[in-house]
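Nothing in this text is a laboratory measurement; each read-out follows from the coordinates by a stated rule. The structure presented is a predicted model; accordingly, all values stated were derived computationally and were not measured. Counting neighbours? That spans all protein chains shown, and the Cβs are built from the backbone with ideal geometry, glycine included.
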Number of protein chains: 2
Amino acid sequence: MIGPGIKRGTAELAILSVLEEGPLHGYEMARRIEKQTKGALRFTLAALYPMLYRMEQRGWIRGAWETSQSGRRKRCYRLTPAGRKKLSPLRKEWEELFGALKRLTKVAHA
Amino acid sequence: MIGPGIKRGTAELAILSVLEEGPLHGYEMARRIEKQTKGALRFTLAALYPMLYRMEQRGWIRGAWETSQSGRRKRCYRLTPAGRKKLSPLRKEWEELFGALKRLTKVAHA
DNA sequence: GGCTTATATATAAGAATCTTACATGTAAGG
DNA sequence: CCTTACATGTAAGATTCTTATATATAAGCC
């Protein structure tokens, strides 16, 4: 698994990316991210929930409480237009970072 | 330039990478990193110096004071064997992160 | 001589993000 | 009844980043 020090800052991109495919609640986001990255990226829930809160404050995502027929409450998040607009330049920044580190350290591309 | 939030954690890799080519002092490291990444990665010196100190505490680099003939003091850092050993798995972690984010968000490779 | 820019290192205060540990509660299966 | 999976959160602490401030030498210019 990818070490703790490296992951910093990936949360925003990861969350916005999984939400791009459709609304999700936090617990499910964590599972999707872990599954889609084959276990390489794993967000602890204690890191995820505060992050979702902060991103909602910034207006990139919007959460709504839902109670399923079974009675369990979930907070379902979806991208706001601002969040969708944020995604494109954010991806571009990551691409730049990849390119910069590649030039610097010869990190191979998977 | 790459935004502040994204850069977190890149310092270790960047520093170890530029030191792999030979001993350097802090100020010059900052210039090399900026130049070699065409300005994409830019470490402020206030972030660099404490980082160098921490990496020295961990035994990855070793600094030695040098006084040039002009009388200016520099702290010249070089990789320790431990630092050299650290570089390879660190690169591997970054590669994994790149791959994981690529799968997750379809970030194109530069 | 005096001014500015580049070189060179460092600390302080504060913000952001991550970690582990703690806390709560429902649902499903054995 | 007990355990595992689901689902959300808070608290304390560590790490790393930011901007701002401080010091000091060297080189070039007027």
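Per-residue HN-Hα couplings for the range A:54-65, Karplus 6.51 cos²θ - 1.76 cosθ + 1.60 at θ = phi - 60°, whole Hz, x for Gly and Pro?
For the range A:54-65, the Karplus-derived couplings read 5, 5, 5, 4, 7, x, 8, 9, 9, x, 9, 6 Hz, x marking Gly and Pro.
Got the B:LYS85 label distances to the other copies yet, label 7 Å along Cα→Cβ, in nm, shortest first?
5.2
Alpha carbons only, please: Rg and Dmax for the protein assembly as shown, in angstrom.
20.0, 79
Could you tell me which trypsin sites (Lys or Arg not before Pro) in the range B:1-78 are loop residues by DSSP with no more than 16 other beta carbons within 10 angstrom of their beta carbon?
B:ARG8, B:LYS38, B:ARG42, B:ARG58, B:ARG72
Quick check for me: using +1 on Lys/Arg Cβ and -1 on Asp/Glu Cβ, what's the dipole size of the range B:1-67 about its Cα centre, in debye to the nearest 20?
280 debye
Averaged across A:38-45, how many Cβ atoms of other chains sit within 10 Å of each residue's Cβ atom?
3
If you put +1 on each Lys and Arg Cβ and -1 on each Asp and Glu Cβ, how big is the dipole of the protein assembly as shown around its Cα centre, in Debye rounded to 20?
Magnitude of the dipole: close to 60 debye.
Which pairs in the list A:LYS102/B:LYS74; A:LYS74/B:LYS106; B:LYS35/B:LYS106; A:LYS106/B:LYS35 are over 25 Å apart, alpha-carbon to alpha-carbon?
Where the Cα-Cα span goes over 25 Å, the pairs concerned are A:LYS102/B:LYS74; A:LYS74/B:LYS106; B:LYS35/B:LYS106.
Compute the label-point distances linking B:GLY39 to its equivalents in the other copies; points lie 7 Å from Cα along Cα→Cβ; give nm, one decimal, shortest first.
Reported distances to equivalent positions: 4.4 nm.
Which residue is it, in chain A, whose C-beta lies closest to the A-to-B rotation axis, and what is that distance in whole Å?
Residue of A nearest the axis onto B, distance in Å: A:ARG8, 2.
When only Cα pairs under 8 Å and 6 or more residues apart are kept, what is the percent relative contact order across chain B?
Taking the mean separation of contacting Cα pairs over the length of chain B, I get 26 percent.
So between A:LYS92 and A:TYR27, what do we pick up on full extension, going 0.36 nm a residue minus the alpha carbon distance?
Once the chain is fully extended between A:LYS92 and A:TYR27, it gains 20.7 nm.
Can you give the FRET efficiency to the nearest 0.05 for A:ARG58 and A:ARG103, using r as the Cβ-Cβ distance and R₀ = 45 Å?
Working from the Cβ atoms, E equals 0.90.
What residue among A:GLY3, A:ALA47, A:LEU97 has its Cα farthest toward the positive end of the dipole of the range A:1-99, where the charges are +1 on Lys, Arg and -1 on Asp, Glu, each on the Cβ?
Farthest towards the positive end: A:ALA47.
Roughly what would the spin-label model give for B:MET1 and A:ALA82, points 7 Å off Cα along C-beta, in nm?
Placing both labels 7 Å beyond Cα along the Cβ direction yields 2.5 nm.
Bins of 5 Å, beginning at zero and ending with the bin holding the largest distance: percent of Cα pairs per bin for the range A:1-47, please.
Taking every Cα pair in the range A:1-47, the percentages come to 5, 21, 37, 27, 8, 2.
Helix-only mean residue ellipticity at 222 nm, chain A, DSSP H runs n ≥ 4 weighted -39,500 (n - 2.57), per residue, nearest 500. What is it?
Helix contribution divided over all residues of chain A: -18000 deg cm²/dmol.
Net charge near B:LYS85: determine it from the other residues with C-beta under 13 Å of the C-beta of B:LYS85, scoring Lys and Arg +1 and Asp and Glu -1.
+4
Can you tell me the FRET efficiency between B:ARG8 and B:GLN69 if r is taken as the Cβ-Cβ distance and R0 is 41 Å, rounded to the nearest 0.05?
Efficiency for this residue pair is about 0.55.
Compute log10 of I(q)/I(0) for the range A:1-105 with the Debye formula, placing one identical point scatterer on every Cα and leaving out solvent, at q = 0.10, 0.17, 0.24 Å⁻¹, to two decimals.
Log10 of I(q)/I(0), two decimals: -0.31, -0.83, -1.42.
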